[in-house]
Every structure is written in structure tokens, then in C-alpha cells.
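What follows is a single structure, written as C-alpha cells, with notes after it.
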Amino acid sequence: MARYNKMPPEILEKRAQEALARLASCKICPRRCQANRLEDERGYCRTGRRAKVASYTPHFGEEPPLVGHSGSGTIFFSGCNLSCLFCQNWDISQEDLGREVSPEELARMMLVLQDGGCHNINLVTPTHVVPQILEALVLAREEGLSVPLVYNSGGYDSAEALRLLDGIIDIYMPDAKYGSDGPAQKYSAAPGYTTVMKAALKEMHRQVGDLEMDDEGIALQGLL
Ligand code: SF4
């Protein structure tokens, strides 16, 4: 059972509503653009009211504890709150390849991946679409979603937004891309990256602790 299954449904729904309300003046990530995304205004991540998805598929190239024998159920979100010059998914993160999805469609993608045997739902580049993920999760859970949720980010996450995910995300897998701010600014245009990333990692670890795996070495919960 995933952590979000243990949360009372009304609390999960309340969290989703709280997160969605924050889109009115978006400070979901450290950029704090204050765009009114409820009116489809765009900030740095170029994502409006709806999440945009480039692909959803079982992925066998992730870290082994996520892949197991049946793959990690990866959902690639378009757009990003970073602009890394070395991004391996440039067409998705910077050219916004993908299509906008309704909460129902996003929930359906999660369920299709679970039904296909994936060990988890791996949310790739989720930072700028936390509210939309929660909105879809309410629906997916009602329909029986129960595999662990993986938050797979670039580490430029606001601890304040992460607190909305407390008791919901099972596995955090952030990149810690830089140890000093100069290169972070030069290569990812991310002011204050190291301070933000360290606070994010602390909050993630506070929520889920160290990585726990089952007897087959498949990740159940923790910081990876
Ligand atoms: S999530 Fe997007 S719009 Fe919101 S603060 Fe971050 S970059 Fe700006």
C-alpha cells in the first residue's frame, strides 16, 4: 500500500484544492513568478492550468530499485523550472513537446501504467505541476491506484510546496546537480540553487527517510 492510500480521502482532496489555489499567483517553485496559472498565464516553466505530458511508458533505464523486473511507470511532464544546457530531454523540457491533459487523462495514465505491471508511478520533472498531479491523484486513487509514487525532480524544489506532498509521495529521487551556485547559474539559470536544493533534500528526507526496499530489491519508500 502506498502512502497516499493511508491518507484519508478528504485530506488528500483538501491538499489538492490547496495546491490548485496556489496557482492563482504561482509560487509553486523557487522562481515565484506569481503568474495566474488558473487563468492560463505562464511563468518560467511555460505551463498553465493544465499539465502537459510528453509520454507515459514503462521505463527500464531508471535506477534498478525502481525498475525491478516490470519497469518504472514513467510519466514525462513537458516544460521545466530549470533550463539546463546539458538536458538530455531538451525537446520535452525546453521545447515543450507533449500535449495538455485533463486531470482525468492524467489519472488514467497512472492507472494504465499500474495495470501494465509497473512497480511505481515515476513523475519525471514534476516540480511545476505539483497541483495538477494531486488533482489527478485524487481520481486515480478512487479508481484503485496503489503503487508507490516517485517524485523525480531536478532538485530545484520549494520546501513549502513539498510540504503539500507530505504523506503522499513514497519515493523522492531528486538530482543534486550542483555544489556551488556559480555553475548552477551558468548552466541551469537557477539562482540560489544550492541553498534551495539542500532545503528540499532535508524536507524530502524528513518525510520519507532512508530508502527501504522489499526482498527483491524493489524500492518501497525513501529518499533515493
Ligand atoms: S511553477 Fe512555473 S510559474 Fe510557478 S513559480 Fe515555478 S516556474 Fe514560475
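Is the range 2-11 home to any residue that is aliphatic (A, V, I, L, M), assigned to a loop (DSSP other than H, G, I, E, B) and more than 11 Å from the ligand (Cβ to nearest atom)? Outline the logic, then answer.
Applying the first criterion (aliphatic (A, V, I, L, M)) to the range 2-11 yields 2, 7, 11.
Remaining after also requiring assigned to a loop (DSSP other than H, G, I, E, B): 2, 7.
Imposing the further condition that a residue be more than 11 Å from the ligand (Cβ to nearest atom) reduces the set to 2, 7.
Scanning the range 2-11, I find at least one residue that is aliphatic (A, V, I, L, M), assigned to a loop (DSSP other than H, G, I, E, B) and more than 11 Å from the ligand (Cβ to nearest atom), so the answer is yes.
Would you tally the residues in the range 58-82 being within 17 Å of the chain's Cα centre (by Cα) and of a type outside the set (Val, Ile, Thr)?
Total meeting the criteria: 14.
Quick test for you: out of LEU106, LEU85, pick the one residue that is open to solvent by 70 Å² or more (accessible area, probe 1.4 Å), at pLDDT 95 or above and away from the ligand (no atom under 16 Å from the Cβ).
When all the criteria are applied, what remains is LEU85.
Identify the single condition in (1) surrounded by fewer than 23 Cβ atoms within 10 Å (Cβ to Cβ); (2) part of a helix (DSSP H, G or I) that GLN132 does not satisfy, given that it satisfies every other one.
(1)
Every residue, every condition in (1) within 16 Å of the ligand (Cβ to nearest atom); (2) open to solvent by less than 40 Å² (accessible area, probe 1.4 Å); (3) of a type in the set (Lys, Arg), yes or no:
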| site | (1), (2), (3) |
| --- | --- |
| CYS45 | yes, yes, no |
| PRO58 | no, no, no |
| ASN89 | no, no, no |
| VAL101 | no, yes, no |
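Being more than 30 Å from ASP214 (Cα to Cα), over 18 Å from the mean Cα position of the chain (by Cα) and within 16 Å of the ligand (Cβ to nearest atom): is that true of ALA51 here? It would help to see each step written out before you state the result.
Values: more than 30 Å from ASP214 (Cα to Cα): yes; over 18 Å from the mean Cα position of the chain (by Cα): no; within 16 Å of the ligand (Cβ to nearest atom): yes.
When the stated conditions are applied, ALA51 does not pass them.
What number of residues within the range 165-177 satisfy the criterion of being surrounded by fewer than 20 Cβ atoms within 10 Å (Cβ to Cβ) and touching a residue at least 60 places away in the same chain (Cβ under 8 Å)?
Here the count works out to 2.
Report, by residue number, each residue of the range 24-43 that is within 22 Å of LEU137 (Cα to Cα), without any contact (Cβ under 8 Å) to a residue 40 or more places away in the chain and surrounded by 21 or more Cβ atoms within 10 Å (Cβ to Cβ).
CYS26, ARG37
Of everything in the range 47-56, what is closer than 18 Å to CYS29 by Cβ and either in contact with a Lys or Arg (Cβ under 7 Å, 6 or more places away or on another chain) or open to solvent by less than 30 Å² (accessible area, probe 1.4 Å) (or both)? Give them in sequence order.
Selection gives THR47, GLY48, ARG49, ALA51, LYS52.
I want to confirm something. Restricting to the range 15-39 and keeping residues that are aliphatic (A, V, I, L, M) and near the ligand (Cβ under 6 Å from one of its atoms), which single residue is nearest to ARG49 (Cα to Cα)? Step through it out loud before you land on a result.
Residues of the range 15-39 aliphatic (A, V, I, L, M): 16, 19-21, 23-24, 28, 35, 38.
Narrowing further to those that are near the ligand (Cβ under 6 Å from one of its atoms): 28, 35.
Details: ILE28: 13, ALA35: 10 Å.
The qualifying residue nearest to ARG49 (Cα to Cα) is ALA35.
Exactly one condition in (1) in contact with a Leu (Cβ under 9 Å, 6 or more places away or on another chain); (2) over 19 Å from ASN5 (Cβ atoms); (3) buried (at least 24 other Cβ atoms within 10 Å of the Cβ); (4) touching a residue at least 60 places away in the same chain (Cβ under 8 Å) is false for ASN122; which is it?
Only one criterion is unmet by ASN122, namely (2).
Any residue at all in the range 62-75 that's within 11 Å of the ligand (Cβ to nearest atom), touching a residue at least 24 places away in the same chain (Cβ under 8 Å), part of a loop (DSSP other than H, G, I, E, B) and crowded, with 21+ Cβ neighbours inside 10 Å? Before you say what the answer is, go through the steps one by one.
Step one: of the range 62-75, the residues within 11 Å of the ligand (Cβ to nearest atom) are none.
No: zero hits.
For the subset of the range 178-223 comprising residues that are within 22 Å of ASN122 (Cα to Cα) and in contact with a Phe, Trp or Tyr (Cβ under 7 Å, 6 or more places away or on another chain), which member is surrounded by the most Cβ atoms within 10 Å (Cβ to Cβ)?
Taking the candidates together, the pick is MET204.
The values are calculated or read from the model by the stated rules, or taken from the named source; none is laboratory data. Keep in mind that this is a model prediction, so the values were computed, not measured. Ideal geometry is used to build each Cβ from the backbone, glycine not excepted, and the neighbour counts take in all protein chains shown. These accessible areas exclude ligands, DNA and RNA; they are computed on the full protein's heavy atoms, side chains included. Shrake-Rupley method; radii C 1.70, N 1.55, O 1.52, S 1.80 Å.
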